[in-house]
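J.: Below is one structure. I have some questions about it.
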Amino acid sequence: MKQHKLSVKKRLTKPVLFGALLAGLATAFLNRHLFFEDVAEIRAQERARNEVKLLEVLERRQKQVEELAEKKSAGDRLHS
């Protein structure tokens, strides 16, 4: 049984594509520190924003608790 021969173009397509894929992955791996520095910086900014929001919420809650305590003490004074 005679095996049919593929053209040179067809025989080289898979190795070339695979090589290009490997080269792309290697490049991405070597340059990963650039990407991850950006990610770390973005995460730090996000964390800072979340902390500011949390502090604002806590301050609001503290004010509400204080106002409620004032109202209760004022109400207690009126009833006694």
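The values are calculated or read from the model by the stated rules, or taken from the named source; none is laboratory data. This structure is a prediction, so every number in the text was calculated from the model and none was measured. Positions of Cβ are backbone-derived with ideal geometry, glycine not excepted, and every protein chain shown enters the neighbour counts. When the accessible area is computed, the model is the full protein with side chains, heavy atoms only, and any ligands, DNA or RNA have been set aside. Shrake-Rupley method; radii C 1.70, N 1.55, O 1.52, S 1.80 Å.
J.: In degrees from 0 to 90, rounded to the nearest 10, what is the angle of the helix 8-30 Cα long axis to the longest principal axis of the chain?
T.: 30
J.: Accessible area per residue for the chain in Å², computed with a 1.4 Å probe and the full protein assembly in place, what is it? Can you show the working numbers first?
T.: Values: 8220 Å² over 80 residues.
About 103 Å² of surface per residue is accessible.
J.: Treating only the Cβ atoms of Lys and Arg (+1) and Asp and Glu (-1) as charged, compute the dipole magnitude of the chain about its Cα centre; round to the nearest 20 debye. Each step should come with its number before you reach the end.
T.: On the way: 17 positive and 11 negative charges, 261 e Å.
Computed about the Cα centre, the dipole is about 1260 debye.
J.: Of A40, L22, A74, which is farthest along the charge dipole of the chain in the positive direction, counting Lys and Arg as +1 and Asp and Glu as -1 at C-beta?
T.: The Cα lying farthest towards the positive end belongs to L22.
J.: Can you compute the FRET efficiency between L30 and K53 using 1/(1 + (r/R0)^6), with r the Cβ-Cβ distance and R0 = 30 Å? Round to the nearest 0.05.
T.: On the way: r = 38 Å, r/R0 = 1.25.
Once rounded, the FRET efficiency stands at 0.20.
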